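Trainee: Okay, handing you the structure first.
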Amino acid sequence: NNSGRTFTATTTALNANVLKLTEPARDLLSGVDVFIFDCDGVIWRGDSVIPGIPQTLEKLRALGKKMYFVTNNSTKSRAGYKKKFDSLGLNVPAEEIFSSSFAAAAYLEQTKFKETGKKVYVVGEVGIQEELDLIGVPHFGGPEDANKQPDMGPGCMVEHDEDVGAVVVGFDRNINYYKIQYAQLCINENPGCEFIATNTDAVTHLTDAQEWAGNGSMVGAIKGCTGREPTVVGKPSPLMIDYLCDKLGLDRGRICMVGDRLDTDILFGSDNGLKSLLVLSGVTTEEKLLSQENVITPDYYADSIVDFFVDENAKVGA
């Protein structure tokens with residue numbers, strides 16, 4: 001009957017749009033000059049490098065491909081990420097690394113925040129502070145406010161600095177009520193105070209044992225008490241790709257975004273005119289990718305970026 005055929009068409013419609021990468025030399029490598037890689041779930045998981053990654057990156061460099069590593073994790077600065085790459089035995093130059101902590105600083109630099117003479121209040125970790133230091137923007141909060149508790153006795157109040165012109169919210173393992181209240185006061189009471197989020201990822205992989213609440217929870221707390229939507233600077237926001245294309249003169253049509261998340265990495269690719277490839281080495285399963293509920297489709301998917309050389313690997317194994 002007709003209904004059976006229709007059903008088959010709808011369930012396979014997405015499967016037909018998303019192709020498993022089987023001939024990378026033809027389908028991917030020939031049309032891409034620049035790869036933008038997410039880090040966690042693509043290059044490493046937690047503190048372990050994914051098998052075969054160092055050799056894959058070397059092969060890509062040997063083909064003359066440019067690479068950039070773009071992470072939504074704001075807990076480290078670019079210098080902090082450089083140390084992590086080094087510790088995992090990955091030879092990646094500092095100028096190829098872009099974190100959402102850097103994106104927050106780049107945004108403040110583009111909008112000439114320093115010239116206002118205002119300060120930044122940080123809900124987040126040292127990565128944001130290190131990047132703000134590099135552009136000479138005064139800031140406070142962050143780890144220093146980790147153990148603060150507001151006095152909530154009769155008539156008590158939190159005094160806040162009226163010179164705060166921006167609140168930057170990044171992932172914060174020491175989020176507390178004092179920080180939420182301080183951020184709320186700055187955003188709600190300081191005229192023109194900006195609310196900037198490094199990213200809004202729902203969950204993150206602090207350990208490989210389970211998913212942990214991501215920066216979406218910190219940003220959500222500040223949204224909830226201000227009624228304001230933040231300016232998001234990490235993926236899928238266009239800020240990082242605009243920065244890369246403007247500074248480096250890259251051709252979007254020959255860039256491929258490679259990531260393990262549909263709602264940040266693949267959306268970042270498709271929203272910004274890039275090719276996109278989802279890897280199954282991180283948070284997204286093949287079942288979720290091909291499910292009817294999923295509406296975000298990469299150009300290709302692969303088990304991991306090691307499959308970029310699947311035809312060569314097959315020859316070696318033969």
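The values are calculated or read from the model by the stated rules, or taken from the named source; none is laboratory data. These numbers come from a predicted model, not from an experiment. Glycine gets a Cβ as well: all are built from the backbone with ideal geometry, and neighbour counts include every protein chain shown. These accessible areas exclude ligands, DNA and RNA; they are computed on the full protein's heavy atoms, side chains included. Shrake-Rupley method; radii C 1.70, N 1.55, O 1.52, S 1.80 Å.
Trainee: Tell me the residue from LYS76, LYS83 that is in a helix (DSSP H, G or I) and either at pLDDT 95 or above or open to solvent by 70 Å² or more (accessible area, probe 1.4 Å) (or both), please.
Mentor: LYS83
Trainee: Moving on. Anything in the stretch 277-288 that is open to solvent by less than 20 Å² (accessible area, probe 1.4 Å) and either part of a loop (DSSP other than H, G, I, E, B) or in contact with a His (Cβ under 8 Å, 6 or more places away or on another chain) (or both)? List them, or say none.
Mentor: Matches in the stretch 277-288: SER281, THR284.
Trainee: Picking from GLY192, GLY153, GLY165, which residue would you name as being assigned to a loop (DSSP other than H, G, I, E, B), at pLDDT 95 or above, within 27 Å of the chain's Cα centre (by Cα) and more than 30 Å from VAL283 (Cα to Cα)?
Mentor: Criteria check complete, one pass: GLY192.
Trainee: Something else now. Restricting attention to the stretch 292-310, does a residue exist that is buried (at least 16 other Cβ atoms within 10 Å of the Cβ) and within 30 Å of GLN181 (Cα to Cα)?
Mentor: Within the stretch 292-310 (the criterion being buried (at least 16 other Cβ atoms within 10 Å of the Cβ) and within 30 Å of GLN181 (Cα to Cα)), the answer is no, since none of the residues qualifies.
Trainee: With the condition kept exactly as written, say whether any residue in the stretch 246-267 is of a type in the set (S, T, N, Q) and in contact with a Lys or Arg (Cβ under 9 Å, 6 or more places away or on another chain).
Mentor: Yes, there is a match, as at least one residue in the stretch 246-267 is of a type in the set (S, T, N, Q) and in contact with a Lys or Arg (Cβ under 9 Å, 6 or more places away or on another chain).
Trainee: Then there's this: Every residue in the stretch 195-210 that is more than 16 Å from the chain's Cα centre (by Cα) and either open to solvent by 50 Å² or more (accessible area, probe 1.4 Å) or on the phi > 0 side of the Ramachandran plot (or both), please.
Mentor: Looking only at the stretch 195-210, we keep the residues that are more than 16 Å from the chain's Cα centre (by Cα), and these are 195, 207-210.
Once the filter is applied, which keeps residues that are more than 16 Å from the chain's Cα centre (by Cα) and either open to solvent by 50 Å² or more (accessible area, probe 1.4 Å) or on the phi > 0 side of the Ramachandran plot (or both), the stretch 195-210 yields THR207, ASP208, ALA209, GLN210.
Trainee: Conditions: (1) at positive phi; (2) surrounded by fewer than 15 Cβ atoms within 10 Å (Cβ to Cβ). GLN110 meets all but one. Number of the miss?
Mentor: Here GLN110 meets the rest and fails (1).
Trainee: Within the stretch 217-242, track down each residue that is in contact (Cβ under 8 Å) with a residue 60 or more places away in the chain and surrounded by fewer than 18 Cβ atoms within 10 Å (Cβ to Cβ).
Mentor: THR231
Trainee: Right, here's the next one. Just name the residue that is nearest to ASP260 (Cα to Cα) out of those in the stretch 43-73 that are open to solvent by less than 50 Å² (accessible area, probe 1.4 Å) and in a helix (DSSP H, G or I).
Mentor: ILE53
Trainee: OK, next. Looking at (1) of a type outside the set (A, V, I, L, M, F, W, C); (2) exposed (fewer than 14 other Cβ atoms within 10 Å of the Cβ); (3) within 21 Å of GLY214 (Cβ to Cβ), which one does GLY117 not meet, given that it meets all the others?
Mentor: (3)
Trainee: Hey, among GLU96, GLU144, GLU130, which residue is surrounded by fewer than 21 Cβ atoms within 10 Å (Cβ to Cβ) and farther than 27 Å from PHE37 by Cα?
Mentor: Step by step, each of GLU96, GLU144, GLU130 is checked, and only GLU144 is surrounded by fewer than 21 Cβ atoms within 10 Å (Cβ to Cβ) and farther than 27 Å from PHE37 by Cα.
Trainee: State whether one or more residues within the stretch 197-208 are out of contact with any His (no Cβ under 7 Å at 6 or more places or on another chain), in a strand (DSSP E or B) and not polar (S, T, N, Q). Before the answer, list the steps.
Mentor: Residues of the stretch 197-208 out of contact with any His (no Cβ under 7 Å at 6 or more places or on another chain): 197-208.
Now drop any that are not in a strand (DSSP E or B), which leaves 197, 203-204.
Narrowing further to those that are not polar (S, T, N, Q): 197, 203.
The answer is yes; a qualifying residue exists.
Trainee: Quickly run through the stretch 147-186 and pick out the residues that are open to solvent by 30 Å² or more (accessible area, probe 1.4 Å), of a type in the set (A, V, I, L, M, F, W, C) and closer than 21 Å to ALA106 by Cα.
Mentor: Those that are open to solvent by 30 Å² or more (accessible area, probe 1.4 Å), of a type in the set (A, V, I, L, M, F, W, C) and closer than 21 Å to ALA106 by Cα: none in the stretch 147-186.
Trainee: Between LEU262, LEU274, LEU248, which is closer than 16 Å to TYR68 by Cα and crowded, with 19+ Cβ neighbours inside 10 Å?
Mentor: LEU274
One line per residue, one yes/no per condition, for (1) without any contact (Cβ under 8 Å) to a residue 40 or more places away in the chain; (2) closer than 16 Å to VAL42 by Cα:
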site: ARG254; (1), (2): no, no
site: THR264; (1), (2): no, yes
site: LEU277; (1), (2): no, yes
site: LYS288; (1), (2): yes, no
site: ASP299; (1), (2): no, no
site: SER304; (1), (2): no, yes
site: PHE309; (1), (2): no, yes
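Trainee: Between a first residue in the stretch 173-185 that is more than 18 Å from ASP161 (Cβ to Cβ) and part of a helix (DSSP H, G or I) and a second residue that is among the hydrophobic types (A, V, I, L, M, F, W, C) and open to solvent by less than 30 Å² (accessible area, probe 1.4 Å), which pairs have beta carbons less than 7 Å apart while being 6 or more apart in sequence or on different chains?
Mentor: Final answer for the pair search is none.
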